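Take a look at the structure set out below.
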Ligand code: ADP
């Protein structure tokens, strides 16, 4: 059974229909990479999974939490859904006046009400996992962009989500540090995390993705393993997109 299931997801901003009926299944422990032209709806789709955007129609199920957006779910239902996924944003959005450790501890302690001592121990382990054990007491301004992004990943992991969402996690970084962040993501995939990743890093998609989903104009045009969608796309629109970015 899939961990994430989307049916008929629709989202408009005013009269602009950005998602026009998305169906998607994500298997537990798999990596799904979303690709597509700028403006095709990738970020909006990811944000709908996390209820940062509220779709007008469709259902999202993550594990045992299902939200049918046609029924206008209230804040409690949205919070339950939100707690199922950890989101890593394009530009890290750490609290500037809190240390790396405090940034990681914030969700478990203040949002989930877990004991502080346990959350601090877990946060140290997560910072070690992303290669920043010795930066626990550093403030964001004392860290490079790539280090900040890795703190962002540790912070998303800290709530113990069922699903990790990455929204162009490397696109704001200098090229020489992109690899550090991708390496952490590859490690997470190797550990069996279920991940949905919006990225233009086609090499990452080739090497790490189980499935690649090509989105255009608010619809999934094609999806499948990278050796099909990236190496032998069935649709002309996918071929055109790949020609432009490769
Ligand atoms: P992508 O991630 O594929 O580049 P987005 O999901 O960011 O695409 O955007 C899809 C479309 O939705 C774009 O035309 C964008 O301008 C529009 N859009 C995204 N967010 C908003 C918003 N908060 N208000 C109005 N329009 C938005």
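Only the coordinates and a few stated rules stand behind these numbers; no lab work does. Nothing here was measured: the structure is a model prediction, and the numbers come from that model. Here the Cβ is made from the backbone with ideal geometry for all residues, glycine too, and neighbour counts use every protein chain on show.
The table for this structure:
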read-out: Cα long-axis angle, helix 175-190 against the chain (0 to 90 degrees, to the nearest 10); value: 90 degrees
read-out: Percent of Cα pairs exceeding the 20 Å cut-off, where the set is region 146-246; value: 41 percent
read-out: Normalised alpha carbon radius of gyration of the chain [divisor 2.2 N^0.38 Å]; value: 1.00
read-out: Computed label-point distance, nm, for sites residue 111 and residue 12 using a 7 Å Cα→Cβ extension; value: 3.1 nm
read-out: Rounded to 10°, Cα long-axis angle of helix 145-158 versus longest principal axis of the chain; value: 90 degrees
read-out: Order by protection proxy (mean Cβ within 10 Å, highest first), peptides 19-26, 232-239; value: 19-26, 232-239
read-out: Spherically averaged projected area of region 5-150 from its Cα convex hull (nm²); value: 10.4 nm²
read-out: Mean separation of Cα contacts under 8 Å, 6 or more apart, over the residue count of the chain: relative contact order %; value: 25 percent
read-out: Degrees between helix 236-245 axis and first principal axis of the chain (Cα, 0 to 90, nearest 10); value: 40 degrees
read-out: Gain upon complete extension [residue 219, residue 66; 0.36 nm per residue less C-alpha separation]; value: 52.9 nm
read-out: Computed E for residue 232/residue 23 - FRET, C-beta separation, R0 25 angstrom, nearest 0.05; value: 0.65
read-out: Fewest-first sequence of 135, 42 by Cβ atoms within 10 Å of each Cβ; value: 135, 42
read-out: Percent breakdown of C-alpha pair distances by 10 Å bin, ordered from the shortest bin, for region 113-205; value: 15, 50, 30, 5, 0
read-out: Label-zone membership for region 191-226, site residue 240, 7 angstrom Cα→C-beta point, backbone N under 13 Å; value: 216-217
read-out: Residue exposure sequence - 95, 89 - by fewest surrounding Cβ within 10 Å; value: 95, 89
read-out: Nitroxide proxy distance, nm - points 7 Å out along Cα→Cβ at residue 203 and residue 133; value: 2.8 nm
read-out: Residue order, fewest to most beta carbons within 10 Å, for 57, 47, 116; value: 116, 57, 47
